[in-house]
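The values are calculated or read from the model by the stated rules, or taken from the named source; none is laboratory data. Since the model is a prediction, treat every value here as computed from it, not as a measurement. Don't worry about glycine lacking a Cβ; one is built from the backbone with ideal geometry, like all the others, and counts go over all protein chains shown.
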Amino acid sequence: MQVRECVLPAKPLPDFPAVRLDFPVDLFLTLAEAGDMGPTRELLHPLRDNALEKLGIQPGKTALVDQVHSKCIFSWDMAMTEPRLPADGVIGSGGQAAAVTVADCMPIAVYEEKNGSWALLHSGRQGTGILAVALRELEGLAQKQGIEKPSFLVTMGPCISAGNYEVSREIAQEFGAVWGDDCLAEKPKYALSLRQANLNICREYGVKTVNMYQECTFTDERLASYRREGKSFRRMMACLSSRDSICSNKDE
């Protein structure tokens, strides 16, 4: 497995405080200064709709779910038919778009290189493992199309680093028992590594390439952080779009 250590662009996009992440189709992350993009369960959210439009994505064709820190994923069709289903991921393909919000949790995008299907995920401590669910789902879809050996690329966006994700001893032990002791740090206090846990999942499922962003949401003030900002925290939006879900006026 090839792991590419990535960093966010030094400057945001020209017309909006967001950055493009390395991924085969359009994948953006809004910055903290863009404002609070959540909660995703809200059907009417003018700030979020404006952000999507600025990024050239039609809000009405973008699937969102009511994020509940789960391992549940819905197809784009289902998420659009029944808006704001309780889940933390969307699976789609060409001509479709989805978005999740994060504030210390990790945005993850998965791409199957042979059929162009993808998943967009919100993965925090409680939802760690949703990446494995997505990989199994995408593998099943590929095999139904006659693809015997799918080829996956995964992009892991910025999240809180292990050095700033302190937890109780009990939580650390429970997490390590499931995802590996290499996901834990014990000095000076117990802490978790969301990055390492998801890397372990990628290795288990034979992912070909991982783009792993190094920024820590807690220390990088360009990024939103629940632990740093407290009750007034903002949520960033990760949004993924295939070409024909792009607004027609993007280049006008």
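A few points about this structure:
- Extreme residue, farthest from Arg227 (Cα to Cα), among residues of region 127-160 that are out of contact with any helix residue (DSSP H, G or I) (no Cβ under 6 Å at 6 or more places or on another chain), in a loop (DSSP other than H, G, I, E, B) and in contact (Cβ under 8 Å) with a residue 60 or more places away in the chain: Gly129
- Leu121 vs. criteria under 14 Å from the mean Cα position of the chain (by Cα) and aliphatic (A, V, I, L, M): yes
- Selection from region 88-112 of residues that are touching a Lys or Arg at 6+ places or on another chain (Cβ under 9 Å) and assigned to a loop (DSSP other than H, G, I, E, B): Asp88, Gly94, Gly95, Gln96, Ala103, Asp104, Cys105
- Residue in region 31-52 that is under 17 Å from the mean Cα position of the chain (by Cα), in contact (Cβ under 8 Å) with a residue 12 or more places away in the chain, over 20 Å from Glu215 (Cβ atoms) and not in a loop (DSSP other than H, G, I, E, B) present: yes
- Output for region 26-69, where each listed residue is surrounded by fewer than 18 Cβ atoms within 10 Å (Cβ to Cβ) and of a type in the set (S, T, N, Q): Asn50, Gln58
- Search result, residues across region 140-166 that are of a type outside the set (A, V, I, L, M) and either in contact with a strand residue (DSSP E or B) (Cβ under 8 Å, 6 or more places away or on another chain) or crowded, with 23+ Cβ neighbours inside 10 Å (or both): Pro150, Ser151, Phe152, Thr155, Gly157, Pro158, Cys159, Ser161, Gly163, Asn164, Tyr165, Glu166
- Within the option set Arg234, Arg228, Arg203, being surrounded by fewer than 20 Cβ atoms within 10 Å (Cβ to Cβ) and either more than 19 Å from the chain's Cα centre (by Cα) or part of a loop (DSSP other than H, G, I, E, B) (or both) holds for one residue only, Arg228.
- Selection within region 173-193 - of a type in the set (Phe, Trp, Tyr) and either within 15 Å of Cys159 (Cβ to Cβ) or outside any loop (DSSP other than H, G, I, E, B) (or both): Phe175, Trp179
- Glu186 at pLDDT 95 or above and more than 17 Å from the chain's Cα centre (by Cα): no
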